[in-house]
Amino acid sequence: MDTLYVGIDVSSKELFASFFDDNLHPVISSAKYPNTPDGWHEFSQLISSLSKNYKIVCGLESTGDFHIGILHTLEAMDNIEVHQLNPASVRYFAKALNVSAKTDRIDAQIIARYLATIKPQGDYHVPLFLQRLRHLVRTRRTFIENKASLKNQLYHILRIYFPGYRILVKSGLPLGFLYILQRFPSPHLILGAGEEELMKIRVGRQKIRRSIVRKVMEVARSAPIQELREAEMLIIKTIVRQILEIDGVIKEIDREVKEIVEEYYSECKITSIPGIGWVTAGVIIAEAGDIKRRFRSKKKFVGYCGLYPTVWESGDMRRRGKMTNKGNRMLKMAFLLAGVSARRTNPQIRAYYERLLRRGKSKRAAGGAVARKLAEIVYAIAVSGEEWSLEKAMEGIRRGEEMAMRRMEMAGVETRAQRPTESDEIDINIF
């Protein structure tokens, strides 16, 4: 049976489809459908009729969320091969064909020619529950970024109206101070309420600590402007309310992420790694999916995470640069942040980080190497199905140190030029 390659260009309102055979000849005229449930149904009816005479291979680019409806419709059909293509790959393919014009018809033709020429292998299709998990963790990241922006605005306001607020700051502003500002957004209101009234404000089920209340009153007494204007108080109340609301949403998302991971990945072992909690595990699962099935090697997984340095080569010259900008942004960020936590709680990661610093690596470069090592450990555990083992980790450290000592003895006096590059760093295998 001949193969029919169907390229689908997706926009917010329309679908444009082109149909090519193995010889890159158009089989039938291009077709246009509305990007609506009725349009998906009409298009699927056409594909179903064509499948009687052809093996159907469909391809479409991932364009925001506009492609999701038609993608699910096609995936639900029997005997239809569907590929969700990387837009960058299709774009480079068009450049190789020296096609610079861009219309919906041309884009659909390029996708169909890409399918017929490249013949992509079976894709990993993200199940619906994993799409929901991915939406949760990505939305959580958006909320965290919004919260950081709001807190920066609040810090700017506090530096003007409450310059003594720094006595309250350790790792962040206490929730008690935020709840007080929400109720009393001016120094004169805080002092007018008094210590006992402020003590009645509850943070969840807890009362605000008296030590916090006294520090807040001290900050209010030292404020350069005792009575703020209505607009100024409204700004403070609004920003604080938004920060507290976002905090509540993030906590609820964290709870849902944990429930989904426990329900669908009850055998998940990556949370046994010190430094990786349920939220980080949720991000890894949501973005990477089935690691064992999707990635054939550790190198492929690390590459997908974007945790490798750029390399420039020409003749005998070879230079290594900073970490690449490619890769999955969410996974890269998750491993970089998990690396910070792992350096405190994971003896293997801490020893690896300290060894890199001793060899002259900057903290930034060492942090990137730690994130990469953590990704390698996650891959090993996902593939083996075993839990994190401190004994195996410490044995790996011992072997690694022995290899490092032998390499230093062979090199003699170590110079910066002789120091190992990232690709030469000791690989600590715990499995």
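The values are calculated or read from the model by the stated rules, or taken from the named source; none is laboratory data. Predicted, not measured: the structure shown is a model, and the values here were computed from it. Please note: Cβ atoms are built from the backbone with ideal geometry, for glycine as well, and neighbour counts cover all protein chains shown. All accessible areas refer to the heavy atoms of the entire protein, side chains included, with ligands and DNA or RNA removed. Shrake-Rupley method; radii C 1.70, N 1.55, O 1.52, S 1.80 Å.
Descriptive notes on the structure:
- Degrees separating the helix 329-345 axis from the principal Cα axis of the chain, which is the longest one: 50
- Here the Kirkwood formula, the inverse mean of 1/r across different C-alpha pairs, assigns segment 278-389 a hydrodynamic radius of 14.7 Å.
- Take the Cβ atoms of ARG214 and LYS299, set R0 to 56 Å, and the FRET efficiency comes out at 0.50.
- Between 0 and 90°, nearest 10: helix 230-264 axis offset from the chain longest Cα axis: 50
- Surface accessible to a 1.4 Å probe, per residue, for the residues of the chain, Å²: 55
- A DSSP coil position with no more than 15 other Cβ atoms inside 10 Å describes the following trypsin sites (Lys or Arg not before Pro) in segment 91-158: LYS102.
- Cα gyration tensor shape for the chain, rounded if a/c is under 1.5, else prolate or oblate: oblate
- Equivalent ellipsoid semi-axes - Cα gyration tensor, segment 12-53, angstrom: 21, 13, 6
- Just checking the listed ones, ASP290, ASP78, ASP247: in the Gaussian network model of the chain with Cα springs under 10 Å, the one fluctuating most is ASP78.
- The chain - share of DSSP beta bridges that are antiparallel (%, nearest 5): 60
- Surface calculation, 1.4 Å probe, protein heavy atoms: TYR352 sits at approximately 10 Å² accessible.
- Inter-centroid distance (Cα atoms) of segment 364-386 relative to segment 1-67, Å: 40
- With R₀ set to 25 Å, the beta-carbon distance separating GLU256 from ILE144 gives a calculated FRET efficiency near 0.95.
- Range in the chain, longest, excluding exposed GluC sites (Glu not before Pro) [loop by DSSP; at most 14 other beta-carbon atoms within 10 Å]: 1-226
- Loop-located trypsin sites (Lys or Arg not before Pro) in segment 306-372 (DSSP state other than H, G, I, E, B) with a sparse environment of at most 15 neighbouring Cβ atoms within 10 Å: LYS326, ARG359.
- Inter-part distance where segment 217-282 and segment 285-322 are each reduced to a Cα centre, Å: 33
- Orientation-averaged projected area, Cα convex hull of segment 1-103 (nm²): 6.5
- Averaging 1/r over every pair of different alpha carbons in segment 125-249 and inverting the result gives a Kirkwood radius of 15.7 Å.
- Three principal axis extents of segment 94-184 based on alpha-carbon atoms, in descending order, are 67, 34, 22 Å.
- Förster radius 35 Å - calculated FRET efficiency between GLU402 and SER341 (Cβ-Cβ, nearest 0.05): 0.80
- Using the Karplus relation 6.51 cos²θ - 1.76 cosθ + 1.60 with θ = phi - 60°, the per-residue 3J(HN,Hα) values for segment 200-215 come to 7, 5, 10, 10, x, 9, 9, 8, 6, 5, 4, 4, 5, 4, 5, 5 Hz, with x marking Gly and Pro.
- Per-residue HN-Hα couplings for segment 30-40 [Karplus 6.51, -1.76, 1.60; θ = phi - 60°; Hz; x = Gly/Pro]: 4, 10, 10, 9, x, 7, 9, x, 5, x, 4
- Take the Cα of SER272, step 7 Å toward its Cβ, do the same at GLN226, and the gap between the two points is 6.4 nm.
- Within the accessible area of the chain (1.4 Å probe), percent carbon and sulfur: 51
- Value at 222 nm in deg cm²/dmol, rounded to 500, when DSSP H runs of n ≥ 4 in the chain each add -39,500 (n - 2.57): -19000 deg cm²/dmol
- Distance between the 7 Å Cα→Cβ label points at SER51 and SER384: 4.3 nm.
- Acute angle (nearest 10 degrees) that the helix 187-199 long axis makes with the longest principal axis of the chain, alpha-carbon atoms: 90
- Label-point separation in nm, LYS326 to HIS135, each point 7 Å along Cα→Cβ: 3.1
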